[in-house]
Amino acid sequence: MSEHLYYPINDFGPLMKGLVIGGLAITHVFLAMFAIGGGMLMCYFQWLSQDGRCKHTRRFIDGYFRVLVLVSFVVGAVTGVALWFTSIQVSAPTIGMMVDQFHWIWAIEWTFFSLEITAGYCFYRYGTNLNDRTRLTLLGIYSLASWFSLFWINGILTWQLTPGAWVENGSVWSGMFNAGFFPSVIFRTVTAMTVASLAGCVVINAMPGLTREERTELINRAAHFLAPMLLMPLLGIWYFGTFPPDARALVLGANVPMMMFMGLAIGASLLIGVYAILGLLRKKLYINGATATLLLVLSFAAVAGGEFVREGVRKPYTIRGALYSNSVTPEEIEHLRQVGCVTDDPYPLQNPEDYPNDQLRLGAKVFRFHCSVCHTVKGANALTHLAGSWSTTQKRMNIAQLQRTKTFMPPFAGTPEELEALVQFISWHTGDAPAKWPESSDEKTLQQIRDWLDEVGTKPGIELELHAEQGGGE
């Protein structure tokens, strides 16, 4: 059994680490969708310009691209770096496994990303001075490079939820072209086209010197990119069907936040789709800047809801079957229950003098190791709120059999002494952290905790439920 590798974990105070990473990820993904779909939209408008089908298209492209460069290239790059930075601080093993398994895929993606940035800045700098054919070529290179950047990243993102045969054979290509790959990449392409079209309507309304008729003509052309939304229900069902059964169950009622965010994604998409199909495509209506902005905000809500669900249904894993959300592998659980999860943790606590005794200091380290990725002490998703009303015995039993209590939680990986320290740590904080707190070291209590741990075993709650459903009992 290899030793568990420890990494420093940064503390974000009352902010749940998942919220920080999630907020950055959602913003970055939305801007990436804008950049990918924007390249396609500009190619389309450049083709219209060359064909003489629509006036002012060249002017629209130049204005739209300036917005794309400012928002996507600048803000997108900053949020991308920030996402990597915070993810490494919170879950270095997850990032390490992704890079270790897919370093050549990342290298290919970075090649396309570099080509995308190079083509984009060349168009930004020289586009107004180029002839139509050269402009279309440059925009085509930009568009293809940005889409292929999505293509390679999509494989890694879907691998985290549906790794498929990779779990058994470790093949990069089995992980890359997993069950969720194709429905996800097509769905994301349609999403990118939708975001780009709605952003285009906002830009068109901001262009000075156009009559209402000229704006309407440009908006109706941009609305053509909303037509693929008709495929979204089928693509969504296809993609959802690739989820493991327990992941689908989280969305279908087993987890209220997952169900709510899925509802947000579906509801926002439905509103956009109905307005787009009936209003813009069928009746060719004009929409003003306020309406266009509202639709763009709804598209952000849809992306946010979808990304929240995609991340959340992986629980209790960050990489399904290979790494739990607290960066413990399934093979390490039994080992850490014998030797302790923080026995070899080399990183000191912040302000250890704030705790009245060594048991609470141990509990603080166990909380940092086991819980701090998804929970805070008294902030967002706080343990004092979730477990504060439990009796001490309930805390001990529920945490010992965590994967049975909440199947989207990983098994507890630590000794009975560490679990009791965590229980006392939660109780101390729930009691407003008094200056004095007695240590709890009753051997009968520790034996009861050990019995609960042995009873539930080390398998994830998903397998325990499946075993029970198949007639294996408790």
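The values are calculated or read from the model by the stated rules, or taken from the named source; none is laboratory data. From a predicted model like this one, the values you see are computed outputs, not experimental measurements. Don't worry about glycine lacking a Cβ; one is built from the backbone with ideal geometry, like all the others, and counts go over all protein chains shown.
Here are the numbers:
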{"item": "Selection count, segment 408-437, where residues are assigned to a loop (DSSP other than H, G, I, E, B), in contact with a helix residue (DSSP H, G or I) (Cβ under 9 Å, 6 or more places away or on another chain) and surrounded by fewer than 21 Cβ atoms within 10 Å (Cβ to Cβ)", "result": "3"}
{"item": "Matching entry among 250, 285 (being among the hydrophobic types (A, V, I, L, M, F, W, C) and part of a loop (DSSP other than H, G, I, E, B))", "result": "285"}
{"item": "Filter result for residue 59 (over 18 Å from the mean Cα position of the chain (by Cα), surrounded by fewer than 22 Cβ atoms within 10 Å (Cβ to Cβ) and part of a helix (DSSP H, G or I))", "result": "yes"}
{"item": "Residue that is touching a Cys at 6+ places or on another chain (Cβ under 8 Å), of a type in the set (Gly, Ala, Ser) and in a helix (DSSP H, G or I), where the choices are 96, 140", "result": "140"}
{"item": "Filtered residues of segment 42-57 (kept if touching a residue at least 40 places away in the same chain (Cβ under 8 Å) and farther than 21 Å from residue 226 by Cα)", "result": "50"}
{"item": "Residues (in a helix (DSSP H, G or I) and closer than 21 Å to residue 436 by Cα) located in segment 360-382", "result": "360, 361, 362, 363, 364, 365, 366, 367"}
{"item": "The listed residue being among the small types (Gly, Ala, Ser), in contact (Cβ under 8 Å) with a residue 60 or more places away in the chain and out of contact with any Phe, Trp or Tyr (no Cβ under 9 Å at 6 or more places or on another chain), out of 39, 23, 80, 13", "result": "13"}
{"item": "Any hit, segment 313-320, residues being assigned to a helix (DSSP H, G or I), not assigned by TED's automatic domain parsing to the domain that holds residue 369 and not basic (Lys, Arg)", "result": "no"}
{"item": "Test: residue in segment 91-105 that is under 29 Å from residue 138 (Cβ atoms), assigned by TED's automatic domain parsing to the domain that holds residue 144 and modelled with pLDDT of 90 or more", "result": "yes"}
{"item": "Lone unmet requirement of (1) surrounded by 18 or more Cβ atoms within 10 Å (Cβ to Cβ); (2) polar (S, T, N, Q); (3) farther than 30 Å from residue 462 by Cα for residue 288", "result": "(1)"}
{"item": "Sole exception among (1) closer than 19 Å to residue 330 by Cβ; (2) touching a residue at least 60 places away in the same chain (Cβ under 8 Å) for residue 350, by number", "result": "(1)"}
{"item": "Unique residue being free of Cβ contacts under 8 Å to residues at least 40 places away in the same chain and either surrounded by 15 or more Cβ atoms within 10 Å (Cβ to Cβ) or charged (D, E, K, R) (or both) when the list is 268, 222", "result": "268"}
{"item": "Filtered residue count, segment 439-456, keeping only those that are without any contact (Cβ under 8 Å) to a residue 12 or more places away in the chain and either within 30 Å of the chain's Cα centre (by Cα) or not in a helix (DSSP H, G or I) (or both)", "result": "1"}
